[in-house]
Each structure stands twice: as C-alpha cells, then as structure tokens.
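Presented below is the structure to which this report refers.
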Amino acid sequence: MKVLILDNYDSFTYNLVHYIEEELGTSIDVYRNDQINLEAVAEYDLVVLSPGPGVPADAGIMPELIRRYAGEKVIFGVCLGHQAIGEAFGASLHNLAEVHHGVETDMLRRPTDDDVLFQDVPDRFRAGRYHSWVIDPDTLPAELEVTATDDAGGIMALRHRELPIFGVQFHPESIMTEHGRLMIKNLLNFVQDRRKSPQPERSEGKISHP
C-alpha cells in the first residue's frame, strides 16, 4: 500500500504520519501542498489531506487534487482537508462564532450502512478539535453523507455516498480523541481490501462544481 500525506503546513501532520506508519509497519511519503504535482499523486493508493491553517483555497494543490482524483484514489481529509472535500463537492464554509482550539467535545455517530471509519467505534465518543471554520450543513450536497456531528448538529464527519472519500473535522491523531487509532486502522483496512478487488474505471465528471 502506498500512502501520501499532503502536508498543509501543520504541526499535527507528523502525528498522523506516526499513527499510519505504526499501523503499516513501514514508512509513508509526506509532501507539502506546494511541493508535489498532481501527476506524482497517481502512484498512491491513499491520499491523506492534513489539517492546516487558513482555508482550502490557500492550500496549494489540495482543491485540484480532490477534483482530479475523486473516484480514483481513497481520499481522507482531516480538519482543513475535510473542509476541502466539502468545498470540492459544492458546500460552503462558515466561520464559527467561537473558535475551537484544543477543545475536547462529544461526537455523535450517525449509523450508516457499510461504515468504514467508525466500525467498532461507540456511538458517542470524545474528540479533539482545532478549528474556526466548519462546513455549512445547509449547503451540503446530496452526494455527501454526514457520519458524525457534535451536540449542536455541526458536521464533524462525512463521506461520499459512492466514492471512497472520507473526512473528519476533528483530529483523530490528537491525544484528546478517543478511538483515533481505531479509525486510522479501519481506514487502512478499507484501502487494503480495496486493493485486493478489481476497481471499475473512474467515471469522469463526478465533481460538477469548480
């Protein structure tokens, strides 16, 4: 399995690297969002979009990467990466009145068929949050499904209904997040199983929003 982490200039990136490398027992590749081109991404099975400052539009190739490889690669976005997935499919972001920086709050799972990230994770768990932006639920397109919320109904996790694309607003790699390692393990198991099965050719035009 070949894994790329797109580093959005964030201090948490190498916590994600550590979790994934421990599960795989091998090293993975890390490139900053302005130090790799789209063609080089083709060799990877899993692309992890790291947290980072600012908004997705300022994060190098990340928005274009999602549009280019949706349906071809497994894509997992964390915090800023999660927001970028939402925007790529047409959702908008809104700025929180209260910034969540180093805050631990309850997450509520929304049971879904064939769950990937949250397999064997309790319906309620605590997670670490470091963000001031969230995906506006009123703008979420039909092809994206909410898989976890906070107590106020904010979107804390989502997935694409057809494509292997997942996002979490919280930080699974944070020490404040319960079952974070299990979520990463579940993701890697999904990628491994997918590699063993023939995949249909990528359908063009899955993302209709620029």
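One table, with the values for the structure above:
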item	result
Among (1) within 30 Å of Leu38 (Cβ to Cβ); (2) in a strand (DSSP E or B); (3) among the charged types (D, E, K, R), the one test that Asp114 misses	(2)
Selection status of Glu39, in contact (Cβ under 8 Å) with a residue 40 or more places away in the chain, surrounded by fewer than 18 Cβ atoms within 10 Å (Cβ to Cβ) and not hydroxyl-bearing (Ser, Thr, Tyr)	no
Residue match in the stretch 7-16 (condition: touching a Leu at 6+ places or on another chain (Cβ under 8 Å) and surrounded by 14 or more Cβ atoms within 10 Å (Cβ to Cβ))	yes
Condition check for Gly60: modelled with pLDDT of 95 or more and within 17 Å of the chain's Cα centre (by Cα)	yes
Meets criteria (modelled with pLDDT under 95 and either crowded, with 18+ Cβ neighbours inside 10 Å or within 24 Å of Val3 (Cα to Cα) (or both)) for Arg110	no
Enumeration of residues in the stretch 138-170 that are out of contact with any Lys or Arg (no Cβ under 9 Å at 6 or more places or on another chain), surrounded by fewer than 16 Cβ atoms within 10 Å (Cβ to Cβ) and over 10 Å from Gly86 (Cβ atoms)	Asp138, Asp151, Ala152, Gly153, Arg161
Residue in the stretch 93-101 that is modelled with pLDDT of 95 or more and either aliphatic (A, V, I, L, M) or not in a helix (DSSP H, G or I) (or both) present	yes
So Pro56, is it touching a Ser or Thr at 6+ places or on another chain (Cβ under 8 Å), crowded, with 18+ Cβ neighbours inside 10 Å and either of a type in the set (Gly, Ala, Ser) or farther than 23 Å from Asp193 by Cα (or both)	no
Within the stretch 125-137, tally of residues that are among the aliphatic types (A, V, I, L, M) and either surrounded by fewer than 20 Cβ atoms within 10 Å (Cβ to Cβ) or out of contact with any helix residue (DSSP H, G or I) (no Cβ under 9 Å at 6 or more places or on another chain) (or both)	0
Count - residues of the stretch 64-82 that are over 23 Å from Gln192 (Cβ atoms), within 13 Å of the chain's Cα centre (by Cα) and in a helix (DSSP H, G or I)	1
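Matching residues to (1) part of a helix (DSSP H, G or I); (2) of a type outside the set (A, V, I, L, M):
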position: Leu6; (1), (2): no, no
position: Ser27; (1), (2): no, yes
position: Val30; (1), (2): no, no
position: Asp34; (1), (2): no, yes
position: Gly52; (1), (2): no, yes
position: Gly86; (1), (2): yes, yes
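Okay, residues lined up against (1) in contact (Cβ under 8 Å) with a residue 40 or more places away in the chain; (2) over 21 Å from Gly180 (Cβ atoms); (3) among the polar types (S, T, N, Q):
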position: Asp58; (1), (2), (3): no, yes, no
position: Met62; (1), (2), (3): yes, yes, no
position: Ala70; (1), (2), (3): yes, yes, no
position: Val74; (1), (2), (3): yes, no, no
position: Leu80; (1), (2), (3): yes, no, no
position: Ile85; (1), (2), (3): yes, no, no
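Conditions tested, residue by residue: (1) touching a residue at least 12 places away in the same chain (Cβ under 8 Å); (2) in a strand (DSSP E or B); (3) not aliphatic (A, V, I, L, M).
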| position | (1), (2), (3) |
| --- | --- |
| Glu104 | yes, yes, yes |
| Asp120 | yes, no, yes |
| His131 | yes, yes, yes |
| Val146 | yes, yes, no |
| Ala152 | no, no, no |
| Ala157 | yes, yes, no |
| Leu163 | yes, no, no |
| Glu178 | yes, no, yes |
| Val191 | yes, no, no |
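The values are calculated or read from the model by the stated rules, or taken from the named source; none is laboratory data. Keep in mind that what you see is a predicted model, and the values were worked out from it rather than measured. FYI the Cβ positions are ideal-geometry reconstructions off the backbone, even for glycines, and counts take in every protein chain you see.
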